[in-house]
1. Per DSSP helix of 4 or more residues, -39500 (n - 2.57); summed, then divided by the residues of the chain. What does that give at 222 nm, rounded to the nearest 500?
2. Show me the three semi-axes of the equivalent ellipsoid for the chain, from the C-alpha gyration tensor (sqrt of 5 times each eigenvalue), largest first, rounded to whole Å.
3. For E133, what residues show an amide H to amide H distance below 5 Å, using hydrogens built from the backbone and excluding near sequence neighbours?
4. Between the stretch 11-43 and the stretch 131-160, how many Å separate their Cα centres?
5. Using 26 Å as the Cα-Cα cut-off, could you pick out the over-long pairs in K7/K157; K12/K119; K12/K56?
6. Explain nothing, just compute: Karplus ³J(HN,Hα) = 6.51 cos²θ - 1.76 cosθ + 1.60, θ = phi - 60°, for every residue of the stretch 54-69 in order, whole Hz, x for Gly and Pro.
7. Could you list log10 I(q)/I(0) for the stretch 59-129 at q = 0.13 Å⁻¹, which the Debye formula gives when each Cα is one point scatterer?
8. With a 1.4 Å probe and every protein chain left in place, tell me how much accessible area H147 has, in Å² to the nearest 10.
Amino acid sequence: MINATVKELQRKNGAAWEALGGVLEGMEAHLERADAPGEWTARQVLCHLLFEPGWKPVALLERFAIGDLPLVEVTPGVVTVTPERQRMTLANLVAAVDGQRRDVFGYLATLGEADLARKARIPLFAPIVGTDEVPLPVFVGAMFDRHWAGHTEQLAKIRRAAGLPEAQYTTPTPGETR
């Protein structure tokens, strides 16, 4: 049986996934479009959500521990568009993001309460949550809900700049429950 914390993370991620999908609908021809000069293109935003090539989110989550916390350095604002990613279609990029999402929630579904208490030291989170010791659920919520929501808004700006109609989704506000 899936833990209640994991169910809540899945619910919030489901809403974020729906919003991301809604804003990307019809964007295939606009992957190289940005909303303003110097801003990321839609392709770059999706590559950013994928993190660096070869990144395996479950391998990172498996490092979280109860004692002797691992250090996880997260560098905001990094995007890697490799030649392979440059050739990917919108459907390919979305499938890759979805694959990571499914891997994460498949892994979390195997964890009990004790495992969900595991933490990592993530300096980027200290100003946000008041400590750099971040439990698994907080990290997953930040990365697969709040992070995605911010970039969904960025993609919505690109959508508007491309002259596409507004996406039919509602943007979850931080901490909102659905």
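The values are calculated or read from the model by the stated rules, or taken from the named source; none is laboratory data. Bear in mind the structure is a predicted one, so any value in this text is a computation, not a measurement. Positions of Cβ are backbone-derived with ideal geometry, glycine not excepted, and every protein chain shown enters the neighbour counts. To get the accessible areas, we keep the full protein, side chains included, count just its heavy atoms, and leave off ligands, DNA and RNA. Shrake-Rupley method; radii C 1.70, N 1.55, O 1.52, S 1.80 Å.
1. Working: 9 runs with 90 residues, N = 178.
Helix contribution divided over all residues of the chain: -15000 deg cm²/dmol.
2. Details: eigenvalues 166, 62, 46 Å².
Rounded to whole Å, the semi-axes are 29, 18, 15.
3. The answer is I122.
4. So the separation of the two Cα centres works out to 13 Å.
5. On the way: K7/K157 31 Å; K12/K119 21 Å; K12/K56 21 Å.
Among K7/K157; K12/K119; K12/K56, the Cα-Cα distance tops 26 Å for K7/K157.
6. x, 5, 10, x, 5, 4, 5, 5, 5, 6, 4, 9, 8, x, 6, 5
7. These q points yield log10 I(q)/I(0) values of -0.57.
8. H147 exposes around 40 Å² with every protein chain in place.
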